[in-house]
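The values are calculated or read from the model by the stated rules, or taken from the named source; none is laboratory data. As the structure is a prediction and not an experimental result, all values here were calculated from the model. Cβ placement follows ideal geometry from the backbone for every residue including glycine, while neighbour counts extend to all protein chains displayed. In case anyone asks, the SASA skips ligands and DNA or RNA and just uses the protein heavy atoms, side chains included. Shrake-Rupley method; radii C 1.70, N 1.55, O 1.52, S 1.80 Å.
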Amino acid sequence: NNTMTKNLKVLVSSNDFPASGLKVLEEHFTVVQTKYLNFGEEGKTQTKEDLLKLIPGCSALVWLSHHPITKELLDRAGPQLKLVATVSAGYNHCNLDELKARGIKLSNTPNVLASAVAEIAVGLMLGAARRFTENLDQVRRGEWETGFDKVLGQDIRGSTVGIIGLGGIGQAVVKRLAGFEVSKFVYTGHREKPEAKALGAEFVTQDQLLAQSDFIVLAVPLTNETKHMINKETIGKMKSNAIVVNVGRGDLVDQEALYDALKNKQIYAAGLDVTTPEPLPKDHKLLTLPNFFLLPHIGSATVRTRSDMAVLAANNVVNALTGKPLLTPVNL
Ligand SMILES: O=C(O)[C@H](O)CO
């Protein structure tokens, strides 16, 4: 019986929220939607104004962008707000202290996106190791090198793959690489993971991982502790053939230091799905480098995964507003 909840207003911060998730919400609540909020871009105040008009009186916010959840937004929403359901695994755009102080819950969408993001991590490994940027450039110019020693890449076969953060995504990367004849998997993080044994991944210190790995895959959330964890100093500990892959957040990497290292061929290549800022301006100096392979933050961007994320977020809203525990709470 949904008549009790129908008067509750739920905001969906985008009009491209998958229909599967919308259906769940509309069964229970009155849904209001805003246009896509183009976070990070100045001059898009019209959509922000839109949002600020719709937000008062909402019981839950379903959040589809990385636009910050700020004090201003929460003030505007009002005291009846019970939940922010971010439709992402990452929640570095949410002000946790403000949420906690107000007793507002936060949910995210982990797990359902791990395989899609891991697939992109493997894609970035291949793209960087096999020099997709240079090779695609040749195709586009119609000037293929034809020699036996044309643009030569590196194998995944026989390599050491280091995973920084063996959580859901990190584990999914190892599983997906099972057929690639990787010689050794190592990982680092706060603590040893019970799942690592079955995956054949060895727990090492960060310094050991940096020194041993041919591929270094970043699969950690962005926090004060992980910000710029890839910097001049840590890059200095890597092998000269190292390939850095990032499917977390742009700020895990000090992009100045990465640029210098790629430019000077101190390391072999980088494959990123995330940058600071996003979009990366098209005249950004990283994009001048042949050994830099970039995708526009598409880790979880598949039809199935986005639908799964939407349904999970919607069910978190249903639970929060009907007094049940969240399916995927973020501990505040
Ligand atoms: O955090 C995530 O889930 C991805 O970056 C998509 O927002």
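Worth a mention:
- The charge dipole of the stretch 86-185, taken about its Cα centre with unit charges on the Cβ of Lys, Arg, Asp and Glu (plus for the first two, minus for the last two), comes to roughly 360 debye.
- Pairs of Cα atoms farther than 21 Å apart, the stretch 194-332, %: 54
- For the stretch 248-253, putting each phi into the Karplus relation 6.51 cos²θ - 1.76 cosθ + 1.60 with θ = phi - 60° gives couplings of x, 9, x, 6, 5, 10 Hz, in residue order, rounded to whole numbers and with x for Gly and Pro.
- Lys48-Ala178 pseudo-label distance in nm [points 7 Å out on the Cα-to-Cβ vector]: 4.7
- A Förster radius of 51 Å, combined with the Cβ-Cβ distance separating Arg157 from Thr70, puts the computed FRET efficiency at roughly 0.60.
- Note on Lys237 and Thr288: the extension gain reaches 15.9 nm, defined as 0.36 nm multiplied by sequence separation minus the Cα-Cα distance.
- Inter-centroid distance (Cα atoms) of the stretch 117-185 relative to the stretch 73-87, Å: 41
- Among 152-162, 311-321, 216-226, sorting by the average number of other beta carbon atoms lying within 10 angstrom of each residue, highest first, gives 311-321, 216-226, 152-162.
- Relative packing of 249-255, 206-212, which averages over residues the other C-beta atoms within 10 Å, highest first: 249-255, 206-212
- For the stretch 89-247, the fraction of C-alpha pairs more than 24 angstrom apart is 42%.
- Near the amide H of Val12, within less than 5 Å, lie the amide hydrogens of Val32, Gln33, Thr34, Val62, all on another chain or at least 5 residues away, with H placed in the peptide plane.
- Given charges at Cβ of Lys, Arg, Asp, Glu: the stretch 90-242 dipole, positive-most of Gly103, Asn231, Val139: Gly103
- Carbon plus sulfur fraction of accessible area for the chain, probe 1.4 Å, in percent: 52
- Here is the tail figure for the chain: Cα pairs spaced more than 39 Å apart come to 20 percent of all pairs.
- Residues Arg102 and Asn15, FRET efficiency given R0 of 22 Å [Cβ-Cβ distance, rounded to 0.05]: 0.20
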